[in-house]
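Data block below; observations after.
The values are calculated or read from the model by the stated rules, or taken from the named source; none is laboratory data. Since this is a predicted model, take the numbers as computed values, not measurements. Ideal geometry is used to build each Cβ from the backbone, glycine not excepted, and the neighbour counts take in all protein chains shown. Note: areas computed on protein heavy atoms with side chains; ligands, DNA, RNA excluded. Shrake-Rupley method; radii C 1.70, N 1.55, O 1.52, S 1.80 Å.
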Amino acid sequence: MRTAGSPGYRESERTDERASILLVDDMEDNLVALEAVLGPLNEPLVRARSGEEAMKALLRQTFAVVLLDVGMPGMDGFETATNIKRLDQTKNVPIIFLTGTEGDSGYAFRGYATGAADFLTKPFDPWVLRAKVTVFLELHRKNRQLERLLAREQKQLGEIARRLAAIENELARGNPAGAGDLRDQLTSLEEIIREMRRGRG
């Protein structure tokens, strides 16, 4: 794992920029196997040994994807997924169901009905699982980038509105002495608009 100051480290790899993955399974061996498969992705892996633990983890931090075992004691995978999709804070987190039950089409139907994004049967192909998780990691990053872009644009639009209001006040007062200041403000507005266009490009 690369750390700040190490070769190949990028600013985008700060902890707050990385895409955590939640692993939910009541069996230690399964968690170890998932960590071995997903470790090369170099993203934070968080364990939960039950549906209750998973819900607590989801309320504490943001996850790019949840890998959820179906057959757990107490709150099983289906009930956990239902609870995840019920909360505004977690409803958009994609869920990949993992099940050891083969040939039960009812499990897959229930999984998708509860909002699962994908469904894999154990033993799963490590390459397939890693590829599927990678897709959700990239989607998570793109969504975060879009959120930051929209937030920046909202701030810029607010600044434009503030400066236009100031210009309107100057014009309403009919103060010719302020013409130079008005030109400066208009030039500044043009620069903000150009920066917004560059951000979209």
From LEU34, LEU22, which residue is at negative phi, modelled with pLDDT of 90 or more and out of contact with any Leu (no Cβ under 6 Å at 6 or more places or on another chain)? LEU22
Failed condition for GLY74, given (1) under 20 Å from ASN30 (Cα atoms); (2) more than 17 Å from the chain's Cα centre (by Cα); (3) open to solvent by less than 60 Å² (accessible area, probe 1.4 Å): (3)
If ASN42 meets every condition in (1) closer than 19 Å to GLU138 by Cβ; (2) modelled with pLDDT of 90 or more; (3) in contact with a strand residue (DSSP E or B) (Cβ under 9 Å, 6 or more places away or on another chain) apart from one, which number is that one? (3)
Given the criterion touching a Lys or Arg at 6+ places or on another chain (Cβ under 8 Å) and either modelled with pLDDT of 90 or more or closer than 21 Å to GLN145 by Cα (or both), identify the matching residue among PHE78, PHE97, PHE63. PHE78
Can you find a residue in the stretch 144-151 that is surrounded by 17 or more Cβ atoms within 10 Å (Cβ to Cβ) and more than 22 Å from LEU38 (Cα to Cα)? no
Return yes or no: is THR134 within 15 Å of the chain's Cα centre (by Cα) and not hydrophobic (A, V, I, L, M, F, W, C)? yes
Return only the number of the condition from (1) farther than 21 Å from SER20 by Cβ; (2) without any contact (Cβ under 8 Å) to a residue 24 or more places away in the chain; (3) open to solvent by 50 Å² or more (accessible area, probe 1.4 Å) that THR82 does not satisfy. (2)
Looking only at the stretch 71-102, count how many residues are assigned to a loop (DSSP other than H, G, I, E, B) and either closer than 24 Å to GLU138 by Cα or touching a strand residue (DSSP E or B) at 6+ places or on another chain (Cβ under 7 Å) (or both). 10
Please state which of the following conditions ASP69 fails to meet, knowing it meets all the rest: (1) at pLDDT 90 or above; (2) loosely packed, with under 12 Cβ neighbours inside 10 Å. (2)
Search result, residues across the stretch 38-70 that are free of Cβ contacts under 8 Å to residues at least 40 places away in the same chain and in a loop (DSSP other than H, G, I, E, B): PRO44, ARG49, SER50
Determine, yes or no, whether PHE109 is of a type in the set (A, V, I, L, M, F, W, C), in a helix (DSSP H, G or I) and in contact with a Pro (Cβ under 6 Å, 6 or more places away or on another chain). no
Would you be able to say whether some residue in the stretch 129-137 is at pLDDT 70 or above and surrounded by fewer than 12 Cβ atoms within 10 Å (Cβ to Cβ)? yes
What pairs can you find where one residue is in the stretch 111-123 and at positive phi, the other is modelled with pLDDT of 80 or more and in a strand (DSSP E or B), and their Cβ atoms are less than 9 Å apart, with a gap of 6+ or different chains? GLY115/ILE95
